[in-house]
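Data first, discussion second: the structure below is written as C-alpha cells.
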Amino acid sequence: LERGVRTMLADKNGSLTSFVYNHPLVYSLFQGDYDKGHLTASPATPGADAKHMRLRARRNLPSYIPAVSFATALIDLVARGELAPSPAKTAGDGPAAGGPLTLAQLRERAAQLPPHLQRVVLSALDHCGGDLERFRLNIQSWFDHSMDRASGWYKRRTQTVLFTLGIVMAGVLNIDTLHVMQRLTADKAFRD
C-alpha cells in the first residue's frame with residue numbers, strides 16, 4: 001500500500017506521501033509514524049531510482065486506506081497548501097481561516113503542486129462540473145484505480161513466492177509429482 005501511494009503521487013523520496021500519511025484522517029488508521037527516512041534503494045532494481053521500505057519499517061502502516069479518507073485528506077492538503085506551500089501564504093489565507101472550501105481555491109493551489117499531482121488535481125477539477133462532491137469522487141476513483149494496480153503487484157509477487165516455495169518444498173521433500181500423478185490416475189484404491 002505504501003509503495004502504491006508513493007507511485008500514484010509520483011513521490012520517489014516519500015515527501016508527499018508523508019503529508020498524506022500524517023493527515024489525521026489517515027494517521028488514525030495505524031499506530032506509529034510514517035518515516036520517509038526508512039526508504040532505501042530497492043534490492044530488486046539496483047541502480048534504479050526505485051525505493052523500498054523494508055517490512056519491519058512498514059509493519060505498523062495501514063494495510064488499507066478507505067478511498068473516501070484518502071480523497072478527503074488529499075483535498076484538505078491541497079486546499080491548505082501543505083503539499084506545496086505558497087511563499088505568499090498568510091495566516092488568514094484560504095479555508096484554514098474558517099472559510100468554506102471552493103473549487104477556485106483548489107484550482108489556485110493546484111498550480112503550486114508538483115507536475116504529476118498538479119495534472120491529476122486539475123483533471124479532476126475539469127471533470128467535476130463545478131461540483132465539489134463530484135471532484136472528491138474523481139479523486140476517489142483515481143485512488144481506487146491505483147490501488148487495483150497495487151493489488152496486481154501484490155498478487156504477482158505472492159504467486160511468485162508461492163511457486164518458488166512449492167518448488168523448494170518439492171525438492172526438499174523429494175516429491176516426484178509425475179509418479180504421484182501416475183499412481184493417482186491408474187490406481188483407484190490409492191485415489192480413494
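The values are calculated or read from the model by the stated rules, or taken from the named source; none is laboratory data. Computed from a predicted model, the values in this text were never measured in an experiment. Note that we place each Cβ from the backbone using ideal geometry, even for glycine, and neighbour counts take in every protein chain shown. Heavy atoms of the whole protein, side chains included, go into the accessibility calculation; ligands, DNA and RNA do not. Shrake-Rupley method; radii C 1.70, N 1.55, O 1.52, S 1.80 Å.
Heavy-atom accessible area for residue 137, with the other protein chains in place and a 1.4 Å probe, reaches approximately 90 Å². Going by the alpha-carbon gyration tensor, a ≥ b ≥ c the square roots of its eigenvalues, is the chain rounded (a/c under 1.5) or, if a/c is not under 1.5, prolate (a/b greater than b/c) versus oblate? Prolate is the answer for the chain, as a/c is 1.5 or above and a/b outweighs b/c.
Using a Gaussian network for the chain with springs between C-alpha atoms less than 10 Å apart, which of these wobbles most: 124, 104, 67? In this elastic network of the chain, the residue with the biggest mean-square fluctuation among 124, 104, 67 is 104. Once the Cα-Cα distance is subtracted from the 0.36 nm per residue extended length, the residue 116 to residue 184 segment shows a gain of 18.8 nm. Computed about its Cα centre, the charge dipole of the chain is approximately 520 debye, with only Lys, Arg, Asp and Glu carrying charge at their Cβ. Kindly identify region 96-171 as rounded, prolate or oblate by the Cα gyration tensor criterion: order the square roots of the eigenvalues as a ≥ b ≥ c, call it rounded if a/c is under 1.5, otherwise compare a/b with b/c, prolate if a/b is larger, else oblate. Judged from the Cα gyration tensor, region 96-171 comes out prolate (a/c at least 1.5, a/b above b/c).
Ligands, DNA and RNA aside, residue 82 has an accessible area near 80 Å² when probed at 1.4 Å.
Find the lysine pairs in the chain meeting two conditions, Cα atoms under 24 Å apart and a separation of 8 or more places or different chains, and report how many there are.
5
Under a Gaussian network description of the chain, with springs only between Cα atoms under 10 Å, the residue in 116, 179, 127 that fluctuates furthest is 179.
Counting only Cβ charges, +1 for Lys and Arg and -1 for Asp and Glu, the dipole size of region 94-172 around its Cα centre is about 300 debye.
Express in nm, to one decimal, how much length is gained between residue 103 and residue 176 on full extension, taking 0.36 nm for each residue of separation and deducting their alpha carbon distance. So the extension gain works out to 19.7 nm.
Approximating the spin labels as points 7 Å out from Cα along Cα→Cβ, the residue 153-to-residue 165 distance works out to 2.1 nm. Net charge in the neighbourhood of residue 22 (other residues with Cβ under 11 Å of its Cβ; Lys, Arg +1, Asp, Glu -1) is -2.
Considering only 140, 182, 159, the mean-square fluctuation computed in a Gaussian network model of the chain, springs between alpha carbons under 10 angstrom, is largest for 182. Between residue 36 and residue 141, residue separation times 0.36 nm minus the direct Cα-Cα distance comes to 35.2 nm.
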